[in-house]
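A.B. asks: Below you'll find the structure I mean.
The values are calculated or read from the model by the stated rules, or taken from the named source; none is laboratory data. Quantities reported herein were computed from a predicted structural model and do not represent experimental measurements. Every residue, glycine among them, receives a Cβ derived from its backbone with ideal geometry; neighbour counts consider all protein chains shown.
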Amino acid sequence: MEITKVNEIASSKNPHGVDARPIYAHENAQVIILTLKPCESLRRHVTPVDVFFYVLEGKGVVEVGDEKKEIEKDSIVSARTVPPR
């Protein structure tokens, strides 16, 4: 068993310039906690993996491909890189 204290993980440098804390890494999955301040955003980018975001607080707008949707606290956004089989 491994226990991680999230508040003890340092933010890692990233191309988006936001607070990003890598808390779990495995060959098949990784978890990164992103904290965006008001008016901060991630740059448009393409990921080679499926991703999901769980919004702990606040609200914002998520764009995936041609879709653009408003999100808020307690929402989960998932985006697949390939269609499910």
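A.B. asks: Specify the residue that is farthest from GLY58 (Cα to Cα); the eligible residues are those in the stretch 1-29 that are touching a strand residue (DSSP E or B) at 6+ places or on another chain (Cβ under 6 Å), outside any loop (DSSP other than H, G, I, E, B) and of a type outside the set (D, E, K, R).
C.D. replies: Across the stretch 1-29, the extreme among qualifying residues is TYR24.
A.B. asks: Is it the case, given these coordinates, that THR81 is assigned to a loop (DSSP other than H, G, I, E, B) and under 12 Å from the mean Cα position of the chain (by Cα)?
C.D. replies: no
A.B. asks: Output the residues belonging to the stretch 5-34 that are polar (S, T, N, Q) and at pLDDT 90 or above.
C.D. replies: The answer is SER11, SER12, ASN14.
A.B. asks: Return the residues of the stretch 30-60 that are among the polar types (S, T, N, Q) and in a loop (DSSP other than H, G, I, E, B); say none if nothing qualifies.
C.D. replies: Listed by number, the residues that qualify are SER41, THR47.
A.B. asks: For the stretch 36-83: of the residues being in contact (Cβ under 8 Å) with a residue 24 or more places away in the chain, out of contact with any Pro (no Cβ under 8 Å at 6 or more places or on another chain) and polar (S, T, N, Q), which is surrounded by the most Cβ atoms within 10 Å (Cβ to Cβ)?
C.D. replies: SER41
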